[in-house]
1. Out of the residues in the stretch 30-54 that are within 24 Å of the chain's Cα centre (by Cα) and surrounded by fewer than 16 Cβ atoms within 10 Å (Cβ to Cβ), which is farthest from residue 226 (Cα to Cα)?
2. Check off (1) touching a helix residue (DSSP H, G or I) at 6+ places or on another chain (Cβ under 9 Å); (2) touching a residue at least 60 places away in the same chain (Cβ under 8 Å); (3) farther than 29 Å from residue 156 by Cβ for residue 51 and give me the number that stays unchecked.
3. Is it the case that residue 63 is under 27 Å from residue 157 (Cα atoms), modelled with pLDDT under 95 and under 27 Å from the mean Cα position of the chain (by Cα)?
4. For the stretch 129-239, which fully contained strands (runs of 3 or more DSSP E) count at least 3 residues that are touching a helix residue (DSSP H, G or I) at 6+ places or on another chain (Cβ under 6 Å)?
5. Could you say which residue among 70, 86, 57 is surrounded by 15 or more Cβ atoms within 10 Å (Cβ to Cβ), touching a strand residue (DSSP E or B) at 6+ places or on another chain (Cβ under 6 Å) and either assigned to a loop (DSSP other than H, G, I, E, B) or at pLDDT below 95 (or both)?
6. Given (1) in contact with a strand residue (DSSP E or B) (Cβ under 8 Å, 6 or more places away or on another chain); (2) within 25 Å of residue 40 (Cα to Cα), identify the lone condition not met by residue 199.
């Protein structure tokens, strides 16, 4: 069972990677069946939360008269509690409450076929598989806050069971986002240990109750709301023109030639003669005068 739970969680997370999933939040109730009912296991009440993928066959079946989704579901239900008043071991002998309770937690992989998905009312069928953990706990707590006294909780039974089953439900689609979900389920389960709450008694400062081990078949019913998540479409406010764009011509500016008329070509204008630019004549270069010779040095006497 410990190996199955990680596999279920991995498959559930894989289904959530699909686009446009939806989630559901439900109030849930459970009634024991068969051997579990005969052993006086109590009805349970709690909440459930589930996530479902997008329609996995949307590219195969069109229009959406049928869709198939996979997802994961978590369910928690409390199946009753019995409480007796005791005297706590405190200096003032304060009163306290000694309680025993049964509850269970389910972690399930779900496959769902929905019919008439785009209509106002959409029926669907589920198949599910996964573990349900049945617990029995004892709690001792003061009736009022006492400094230095901490409430205690002891886990008496914790049994992991394997469950599988089917569900039938109706989705009442309010709009594209919200729908009301109603469903009933049958869940077949293996054996679990639990406390028989109908036979709880107090012996001094201790609770006494019998325990038993039975199969854990359940009939589950729920009502809740489904919230669909849609893709957000991003639109660009500016557009970039293409590089190779041809400018448009206004048709009103194009001259229209009457039918049957001839077009005389206009003579090409004669080229203008080019006037040469005069080049200035070179100026004569005057020779520079040679320097005068220096006089001979005067002899000294």
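1. Let us first name the residues in the stretch 30-54 that are within 24 Å of the chain's Cα centre (by Cα), namely 46-54.
Of the ones still in play, those that are also surrounded by fewer than 16 Cβ atoms within 10 Å (Cβ to Cβ) are 47, 49.
Values: 47: 14, 49: 10 Å.
Of everything passing the filter in the stretch 30-54, 47 is farthest from residue 226 (Cα to Cα).
2. Single failed check for residue 51: (2).
3. When the stated conditions are applied, residue 63 does not pass them.
4. Fully inside the stretch 129-239 and qualifying: nothing.
5. Only one candidate qualifies: 86.
6. Against the list (1) in contact with a strand residue (DSSP E or B) (Cβ under 8 Å, 6 or more places away or on another chain); (2) within 25 Å of residue 40 (Cα to Cα), residue 199 comes up short only on (1).
The values are calculated or read from the model by the stated rules, or taken from the named source; none is laboratory data. No experiment lies behind these values; they were computed from the predicted model shown. Glycine gets a Cβ as well: all are built from the backbone with ideal geometry, and neighbour counts include every protein chain shown.
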